[in-house]
Structures are given as C-alpha cells and as structure tokens.
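Report on the following structure.
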Amino acid sequence: MKDFIQNIPQIHYYGNNIGIIKKKFNVVLSCHSIEHQINFINHLNDVSKLLRDNSYYIIICPDKRYCFDHYIKESTIADILEMYNNNTNKHSLKSLIEHRTLVTHNDTIRHWNGDHGIQRINNSEFDYLLKSSMDEFYNNENYIDVHSLQFTPNSFKSIINILKKNNFINFDIEQIYHTKKNQNEFIVILKKI
C-alpha cells in the first residue's frame with residue numbers, strides 16, 4: 001500500500017477556470033466533468049492550450065445509457081455547435097429542464113439489467129419540477145450545475161471526428177475504451193496534434 005500511495009502523481013490544478021493556468025503539461029485528466037461543460041468546443045480548445053504538442057487529454061465520461069441520464073437524448077453535433085455559437089456562461093434552459101425532469105435512478109447494475117426506472121415526465125411531480133426548473137433558471141444568475149451533455153462512446157467519437165474534420169479542435173482520438181459491463185463510464189484519450 002505504501003508504494004501505491006508514493007506513486008500517486010501530484011495534482012497541480014483543479015476546477016473550471018483553466019484559462020488562468022499558464023503552464024504546459026503532457027497530460028490533462030478529466031473525470032466526470034466533460035458532461036458539465038457549457039461550451040464543449042471552447043473547453044477542448046482551452047485544454048489544448050495547456051498541452052504540449054503530442055500530449056494527451058484523458059477523459060473519463062459517464063455513459064448516458066447506464067446512469068441517471070438514461071432517458072435524455074444523446075448530444076448531437078448540432079447541440080455542440082449551438083453551445084459554441086451561444087457562447088454563454090451558464091447552462092441552457094433545455095439542459096436544466098432535462099436534468100431536473102428527465103433523469104432516473106443512478107444504479108448502474110439495474111441499467112445493465114434493463115431496469116431504467118420510471119420517467120418523471122409521466123409522473124405526477126413533473127409539472128412541479130418543470131415550473132421549479134424554469135423559476136430556478138430565470139431567477140438565478142449563478143452557475144447551476146447540471147449535465148449539459150450526454151454521450152455514449154460512439155456518439156463522443158462521432159462528435160470529436162466532425163469537430164476535428166471541420167477545424168474546430170486540434171485533437172485526434174488516440175483510443176476509446178468502451179464501457180465495461182456493469183460499469184457506467186468510458187474512457188477517451190485525445191491526442192493534441
């Protein structure tokens with residue numbers, strides 16, 4: 001156990017405001033935070049600025065099929081480009097409503113066994129959740145933490161490839177490790193080129 005603890009790398013920075021970091025790194029790690037990004041393209045470009053050429057951005061991302069995002073549709077390239085075009089500092093009303101009204105349980109094993117729980121949209125509390133979500137959005141200028149993006153390994157790969165092909169980002173996919181059975185996350189290694 002002692003050797004394991006001694007080999008843990010030092011974490012230099014954490015948080016959302018990565019634009020203030022002036023150092024360059026060989027690796028940046030994101031664990032369950034990419035799905036919270038307000039502007040996916042800007043985020044990737046901010047991370048790219050932190051990396052030396054031929055360095056890596058490692059992303060551990062929840063697979064929407066096996067977590068509470070199950071009933072929310074996968075993010076599309078149109079969603080990503082709309083975020084980029086809007087260039088706001090808070091999540092969209094759509095993201096807030098989806099996160100408050102369409103989520104389900106977060107039991108990975110149940111999802112893998114086909115039990116995704118009930119959809120709140122068919123539940124008596126839906127109207128209350130919808131109204132309170134809208135009130136929260138319009139009456140709050142602060143950041144409200146929700147998942148604004150929902151991915152599977154294949155949808156993530158598709159979006160990255162489209163963004164790269166159209167010169168929005170300078171990352172290639174080095175490797176994708178698909179979601180393992182009874183797990184709720186996949187891993188993507190992006191290489192800065």
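Remarks
- Flag not set for THR88, criterion: surrounded by 20 or more Cβ atoms within 10 Å (Cβ to Cβ) and either without any contact (Cβ under 8 Å) to a residue 12 or more places away in the chain or more than 16 Å from the chain's Cα centre (by Cα) (or both).
- Going through (1) surrounded by 15 or more Cβ atoms within 10 Å (Cβ to Cβ); (2) modelled with pLDDT under 90 one by one, SER30 falls short only on (2).
- Test for LYS73: is it surrounded by fewer than 19 Cβ atoms within 10 Å (Cβ to Cβ), at pLDDT 95 or above, in a loop (DSSP other than H, G, I, E, B) and on the phi < 0 side of the Ramachandran plot: yes
- Some residue of the range 52-67 being under 22 Å from ASP135 (Cα atoms) and more than 12 Å from the chain's Cα centre (by Cα): no
- Residues located in the range 127-169, provided they are within 22 Å of SER48 (Cα to Cα) and among the basic types (Lys, Arg): LYS157, LYS164, LYS165
- Residues satisfying the stated conditions in the range 167-193, i.e. over 25 Å from HIS111 (Cα atoms), hydrophobic (A, V, I, L, M, F, W, C) and modelled with pLDDT of 95 or more: PHE168, ILE169, PHE171, ILE173, ILE189, LEU190
- Check on GLU35, in contact with a Leu (Cβ under 7 Å, 6 or more places away or on another chain), within 18 Å of PHE156 (Cβ to Cβ), of a type outside the set (Val, Ile, Thr) and not in a strand (DSSP E or B): yes
- Where a residue in the range 171-189 is closer than 19 Å to SER48 by Cβ and its partner, wherever it lies, is acidic (Asp, Glu), with Cβ under 7 Å and at least six apart: ILE189/GLU174
The values are calculated or read from the model by the stated rules, or taken from the named source; none is laboratory data. Being a predicted model, the structure only gives us computed values, none of them experimental. Note that each Cβ is placed from the backbone with ideal geometry, even for glycine, and that neighbours are counted across all protein chains shown.
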